[in-house]
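Every number in this text was worked out from the coordinates using simple rules, so none of it is lab data. Computed from a predicted structure; not experimentally measured. Heads up, the Cβs are rebuilt from the backbone with ideal geometry, glycines too, and the neighbour counts pull from every protein chain shown.
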Amino acid sequence: MCLRPSRRLGDGRGQTAVLGVVLLTGIVAIASLGIFVLGTEALGTTESQAEQERIEAAFVELSHEMATASANGDSVSSISFDAGGQGVSASGTGGQGAVATSDAGTIRITADGLDETLTMGAIEYEADDGSIVAYQAGGVWRETGEQTRMISPPPVQYDADSETITLPVATVSGDRDLTTGEVTIAHNRTTPFSHIDTVEMGIVTIEIESEYCVGWETYFESETGQADGQAIRESCDEGEEGVLRVALGQIDIEEGTFSDGIVAGQANVSDSGQETDLDLSDDAGPYPPMDGIIDEMIDELGGDENTTELSDVEGETVPSGTYYTDELRVEDDVVVDVSDGDSAIVVEDDIVLDGGELSVEGWEEDGNTLQIFSGGDMYYTSGDSGMCVDPCDDSTDSQYLQIYGTSEMHIGFEPIGSGGGNPEFEGLIYAPTGGDTFDGHSEHVDCEEQLCIQAAADITGSIIVDSAYVHSAAPEGMYDEAVEHFSAEMSADGYVFPAEVTYLNVAVHELDVEN
């Protein structure tokens with residue numbers, strides 16, 4: 001019989017159909033499961049992102065409300081605050097509320113005669129993924145562990161036109177949990193620092209220690225318009241972790257500062273019967289002192305391994321560049337060639353003219369200068385010493401050699417122990433005290449005044465000091481009229497000068513924030 005093969009063929013077709021249905025059902029199930037899983041993950045991501053956006057918006061609104069409370073004094077306000085989750089205490093699971101703390105960082109402000117440290121509080125929300133949204137001193141930040149992003153800027157403002165920093169620090173009083181719901185904000189007290197409203201002359205340093213240091217750094221770079229780092233003296237990834245140091249307060253030496261040969265608030269001229277064409281003026285300004293700038297330069301460049309030590313330069317010619325030295329002692333003839341750009345020498349201690357001559361050349365084509373910044377005194381130990389602009393017998397190019405000293409620089413044109421001689425100087429010296437009485441006496445200069453001329457020195461240019469004494473051996477030389485309208489612009493490759501600041505308005509506003 002031939003029917004058995006036919007039955008087998010029929011049975012196979014039936015099994016194939018059933019198997020196909022099973023496979024198709026399985027594929028559909030697996031695909032559906034995959035779609036479900038992907039959809040669930042996408043939904044979870046969307047929900048998480050939506051919650052983050054809600055929290056961020058809530059913190060921005062909170063910062064605006066706290067700024068209003070800081071400005072309005074005794075007023076009490078309330079807002080509906082979204083602290084995530086269902087209002088469970090922040091001491092529980094992450095993402096379930098916010099924590100307010102009164103001590104979450106500091107702002108230290110230092111200037112001439114000022115050193116204040118202000119405590120900053122914070123309000124923080126931590127999500128399930130470990131990211132944090134935080135309010136601190138008026139700003140709102142997001143911290144992911146890898147980066148800090150500024151959501152809303154703090155109200156710290158720098159106005160370049162009026163050269164003013166406004167720094168209102170809004171902080172919270174007491175530590176407490178904040179949950180979703182109504183939150184009241186009450187002004188507790190304001191502590192103004194009225195004695196530092198005016199920064200007369202000098203550098204203002206703001207040092208911020210905060211978990212959100214990187215966000216603060218980004219803000220200060222954008223606010224001062226100095227993304228190239230001019231305001232930033234220590235970034236958050238340098239030195240101590242989480243500390244930012246910002247310097248503001250560039251010295252502005254205005255046109256007309258070098259209006260006479262010697263500009264001193266007090267001048268004592270001995271009657272020798274000799275005449276000098278190095279004019280004396282009692283226009284004391286007051287001109288801004290260089291102490292802050294010079295201290296900064298010594299700290300920054302003295303400890304920088306990229307700064308060239310002057311002692312490493314071989315030969316008698318020093319090429320264009322910025323150099324550092326503990327002491328500038330001129331014992332032999334030295335030529336500083338500025339033809340390739342401005343040059344600067346930062347001297348930690350004294351400038352000593354000890355038998356040699358330092359001259360500046362190569363300035364003719366581009367008008368480049370040599371600027372010397374000294375943290376010590378300047379004096380001659382030999383009458384055969386000098387400093388000048390090449391050619392040294394020309395009296396109309398003194399601006400190409402500029403010497404800047406602190407308010408304690410003692411300047412002596414008196415060849416002690418040399419047996420006589422006529423010290424020579426052609427250039428500009430700027431070392432005012434800012435109106436204070438000079439009190440920087442040293443063993444190297446033999447008079448009480450800041451500038452002491454006790455030899456027939458040959459001086460060409462202009463000198464700005466607090467006080468001067470001219471002995472009977474009157475100096476020769478003349479005032480360089482070419483600098484009457486000269487406005488100095490300080491430069492040193494490797495050191496960027498900070499933004500200008502004249503006024504500083506600081507206040508701490510303490511607020512009660514609670515459910």
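Distance between the modelled labels on residue 117 and residue 54, one decimal in nanometres: 4.1 nm (7 Å Cα→Cβ projection). Charge tally for residue 176 (other residues, Cβ to Cβ under 11 Å; Lys, Arg +1; Asp, Glu -1): -4. Across the range 262-483, Cα-Cα distances exceeding 21 Å account for 51% of all pairs.
Going by neighbour counts of Cβ atoms within 10 Å, the residues 323, 380 line up, fewest first, as 323, 380. The fewest-to-most ranking of 216, 363 by surrounding Cβ atoms within 10 Å reads 363, 216. In order along the range 481-492, the Karplus-derived 3J(HN,Hα) couplings, from 6.51 cos²θ - 1.76 cosθ + 1.60 at θ = phi - 60°, round to 5, 5, 9, 4, 10, 7, 10, 6, 10, 6, 8, 7 Hz, and Gly and Pro are given as x.
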